[in-house]
Amino acid sequence: MTDAGLAGGAAGPAPDRPPPTVSVRGLRKRFGTTVALDGVDAAFAPGVNGLLGPNGAGKTTMLRILATVLPADAGRLDVLGVDPTGGDGRLSVRRRLGYLPQEPGFHRRFTAFEFVDYVAILKEWVDRRPRHDEVRRVLGLVGLEAVMHKRIGRLSGGMRRRVGIAQALLGRPELLVLDEPTAGLDPEQRLRFRELLGTEAAGATVLLSTHQTDDVAALCQHVVVLLDGRIRFSGTPSGLAALAADRVWLASERDVRAELAWVTGEGKVRHIGEPPVGAHLVEPTVEDGYLVLAGRDTPTDADAKALAS
Amino acid sequence: MKRIRSWPGERSWSVPLRPGAADGPGTTRVSVVRDGRPPARRIAAALGRIEARKLALSPWFLVGILLCLATLQIFPSIDADIADEATSMAKILQDMPFTAHPFVALMLLAGNRNATRARRDRTEELFHACPATSATRAAGALCSTWLAVVALAAFVLAYLWLTASHSESDLGPLGSAAVPNGLTTLVLGTGGVALGIALGRWVRLPLAAVAAITVIAVVDTWLSAGDPGVIETPMLLSTLGTSGSGHPQPVLTAGQAWFHFAWLAVLTAATAIVAIAPFGRHRDNRVPTTRPRP
């Protein structure tokens with residue numbers, strides 16, 4: 001299996017990427033009769049790694065397992081060189097981890113400063129002065145200096161999200177696990193988040209789950225697409241976009257043969273699938289590639305051959 | 001580019017330049033290293049400062065303080081007025097655990113609210129990904145009990161001083177059982193907070209603290225019932241002491257007072273150990289029952 005390709009088995013990084021710091025083999029997780037992860041193999045190197053997939057695909061379950069808050073049913077894990085299934089390994093990972101859950105929850109009666117300070121103590125920062133300096137630093141990074149002493153209950157949803165991001169950045173962790181970090185952020189804040197991640201998380205391994213394909217295109221060096229608990233793609237964002245090569249068309253009218261079609265802001269109809277009459281081919285985006293992938297159950301041999309060539 | 005301010009007083013996100021900011025993928029990243037790893041007790045102590053602040057600001061604590069102030073306003077003057085052979089400073093001090101019970105009950109509720117905060121606010125998943133365990137967090141909450149002890153100590157001293165200052169006659173010395181009787185009141189405050197934390201950590205029922213207070217009230221009343229003028233051993237096993245029977249009782253001997261204190265101290269220590277016990281599902285901070293949202 002190559003880095004830029006459809007995945008059915010192990011997904012290793014390309015030769016020009018650094019060696020992986022996080023890898024999973026045969027990862028399985030079941031909740032009652034629901035299979036959340038079905039034998040997932042993946043490897044993530046330092047840099048920003050995106051996880052794409054529809055709701056219920058298993059993204060959050062995978063991130064929770066890697067963040068050591070949920071045990072896997074089966075599979076082998078290697079996180080930052082240790083096995084987090086053992087007590088010592090788990091502690092070692094937690095000491096080097098920054099985690100933003102999908103729904104982090106906040107103590108509404110705490111101020112932003114108090115909350116991040118509380119998390120800093122849980123991350124073993126016991127000396128008050130350096131801890132407070134670090135708390136101010138991370139709150140400054142997300143632009144909350146002026147409101148850090150306001151109660152969280154009085155902050156907007158986007159600002160609470162930024163409090164969550166700030167606590168994840170405490171101590172410049174080696175592994176950042178961010179579950180939908182840009183949910184609830186306005187476009188300007190999302191751009192700021194990208195800027196912040198590009199610098200603050202440089203050198204770290206970042207695992208980022210998102211529904212925003214433009215975030216993936218802008219941020220990620222590596223992207224994994226999860227569908228029904230299985231990895232369906234592992235590669236670069238451009239590789240994912242390439243799945244839709246020669247399949248994205250712009251036409252003046254909707255064509256019934258299109259797999260997907262929608263009206264763009266310019267009044268044109270963007271088609272994915274067979275070319276409509278009078279349409280012209282356009283450059284595919286990551287979103288097009290994702291939609292092509294999500295629109296079918298299994299990748300075809302033709303896809304794999306096309307990518308290999 | 002124009003920076004949009006989305007909230008009054010808020011500045012835009014910024015990324016200050018600092019050493020290491022230019023690190024690229026592939027470089028070895030090292031977390032901010034702190035000398036050594038702190039023992040759990042230092043983490044608990046640091047958490048305790050925040051927990052004590054939250055306890056002091058909790059409505060339950062404030063109601064408890066108001067109740068104490070109301071008690072100080074009313075009862076010392078009554079005690080002083082009815083002073084006779086049956087009411088002495090020693091007897092008043094002996095009755096302090098009974099008088100302090102409403103405050104202790106409110107501290108139990110406050111401790112319980114602190115201990116269940118993570119569950120109520122759904123921050124457990126985030127906290128579970130941190131190196132400090134839930135046992136350490138509970139120990140942090142337990143470190144806030146000094147606040148209850150200080151408040152009760154101030155209450156007892158104020159009560160005795162006000163009674164003495166209101167009384168026209170000599171109420172006598174505090175007696176040989178003064179130390180254990182005073183300590184009994186203070187240990188009750190610790191026990192109340194500890195029980196609230198233990199219940200918050202191990203019992204998932206929302207009204208567990210209220211149920212516990214009810215049970216304690218019933219059991220205490222039953223234990224402290226006895227013949228008037230006679231102190232029986234079951235009375236010493238009640239947190240109320242000898243005043244719950246509703247009948248005038250003689251002053252405890254030093255031995256009896258020390259027995260009562262020791263019993264409550266053991267009970268409090270056992271409750272505190274349960275509150276911070278690192279076993280079961282709390283041992284390794286995992287939430288195996290969490291289900292993904294569809």
Exercise. Pick out the one residue from A:191, A:155, A:207, A:219 that is among the hydrophobic types (A, V, I, L, M, F, W, C) and under 16 Å from residue A:98 (Cα atoms).
Key: A:207
Quiz item: Which residue out of B:64, B:140 is open to solvent by less than 20 Å² (accessible area, probe 1.4 Å) and within 14 Å of chain A (Cβ to nearest Cβ)?
Solution: B:140
Practice problem: Counting only residues that are charged (D, E, K, R) and under 30 Å from residue A:163 (Cα atoms), give me the helices (runs of 4 or more DSSP H) lying completely in segment B:45-131 with at least 1 of them. | Solution: B:101-115, B:117-120, B:124-128
Quiz prompt | Residues (within 13 Å of residue B:147 (Cα to Cα) and among the basic types (Lys, Arg)) located in segment B:53-109 | solution = B:53, B:54
Self-check item: When residues of segment A:157-185 are limited to those that are assigned to a loop (DSSP other than H, G, I, E, B) and within 11 Å of chain B (Cβ to nearest Cβ), the one farthest from residue A:202 (Cα to Cα)
Solution: A:185
Self-check item: residue B:145 buried (at least 19 other Cβ atoms within 10 Å of the Cβ), among the β-branched types (Val, Ile, Thr) and within 13 Å of chain A (Cβ to nearest Cβ)
Solution: no
Self-check item: Selection count where residues are open to solvent by 40 Å² or more (accessible area, probe 1.4 Å), hydroxyl-bearing (Ser, Thr, Tyr) and in contact (Cβ under 8 Å) with a residue 12 or more places away in the chain, scope segment B:214-238
Solution: 1
Quiz item: Of all the residues that make up segment A:25-67, how many are under 21 Å from residue A:214 (Cα atoms), among the hydrophobic types (A, V, I, L, M, F, W, C) and in contact with a helix residue (DSSP H, G or I) (Cβ under 8 Å, 6 or more places away or on another chain)?
Solution: 3
Practice problem: At least 3 residues that are surrounded by fewer than 22 Cβ atoms within 10 Å (Cβ to Cβ) in each: list the helices (runs of 4 or more DSSP H) lying fully within segment A:30-133 that qualify. | Solution: A:87-95
Quiz prompt | Residues of segment A:74-94 satisfying the condition of being within 11 Å of chain B (Cβ to nearest Cβ) and either at pLDDT 95 or above or under 20 Å from the mean Cα position of the chain (by Cα) (or both) | solution = A:80, A:93, A:94
Practice problem: Output the number of the condition that residue A:137 fails; it satisfies all remaining conditions of (1) at pLDDT 95 or above; (2) under 17 Å from residue B:125 (Cα atoms); (3) open to solvent by 10 Å² or more (accessible area, probe 1.4 Å). | Solution: (2)
Quiz prompt | Counted residues, segment B:172-213 - those being buried (at least 19 other Cβ atoms within 10 Å of the Cβ) and over 30 Å from residue B:278 (Cα atoms) | solution = 5
Quiz item: Only one of (1) within 30 Å of residue A:66 (Cα to Cα); (2) in a helix (DSSP H, G or I); (3) at pLDDT below 90 is not met by residue B:284, so which one is it?
Solution: (2)
Quiz item: Which one of the conditions (1) open to solvent by 10 Å² or more (accessible area, probe 1.4 Å); (2) under 20 Å from residue A:105 (Cβ atoms); (3) touching a residue at least 60 places away in the same chain (Cβ under 8 Å) does residue A:211 fail to meet, given that it meets all the rest?
Solution: (2)
Quiz item: part of a helix (DSSP H, G or I), out of contact with any Asp or Glu (no Cβ under 9 Å at 6 or more places or on another chain) and either more than 14 Å from chain B (Cβ to nearest Cβ) or over 30 Å from residue A:74 (Cβ atoms) (or both) - does that describe any residue in segment A:280-289?
Solution: yes
Self-check item: Residues of segment A:32-54 satisfying the condition of being within 9 Å of chain B (Cβ to nearest Cβ) and either free of Cβ contacts under 8 Å to residues at least 24 places away in the same chain or among the charged types (D, E, K, R) (or both)
Solution: A:32, A:34
Quiz prompt | Residue, most open to solvent (accessible area, probe 1.4 Å), within segment A:197-206, restricted to residues that are in a helix (DSSP H, G or I) and within 7 Å of chain B (Cβ to nearest Cβ) | solution = A:199
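Tally up the residues in segment A:128-156 that are basic (Lys, Arg) and either touching a residue at least 24 places away in the same chain (Cβ under 8 Å) or more than 9 Å from chain B (Cβ to nearest Cβ) (or both), please.
The number of residues fulfilling the criteria is 5.
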Practice problem: Kindly establish whether residue A:194 is within 13 Å of chain B (Cβ to nearest Cβ), open to solvent by 10 Å² or more (accessible area, probe 1.4 Å), more than 18 Å from residue A:62 (Cβ to Cβ) and touching a Leu at 6+ places or on another chain (Cβ under 6 Å). | Solution: yes
Quiz prompt | Pairs, first within 13 Å of residue B:191 (Cα to Cα) and open to solvent by 50 Å² or more (accessible area, probe 1.4 Å) in segment B:250-265, second part of a helix (DSSP H, G or I) and not β-branched (Val, Ile, Thr), C-beta under 9 Å, six or more apart | solution = B:263/B:236
Quiz item: Is there a residue in segment A:218-228 that is surrounded by 18 or more Cβ atoms within 10 Å (Cβ to Cβ) and free of Cβ contacts under 8 Å to residues at least 60 places away in the same chain?
Solution: no
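The values are calculated or read from the model by the stated rules, or taken from the named source; none is laboratory data. Model, not experiment: these values are computed from the prediction. Backbone-built Cβ (ideal geometry, glycine too); neighbour counts: all protein chains shown. In case anyone asks, the SASA skips ligands and DNA or RNA and just uses the protein heavy atoms, side chains included. Shrake-Rupley method; radii C 1.70, N 1.55, O 1.52, S 1.80 Å.
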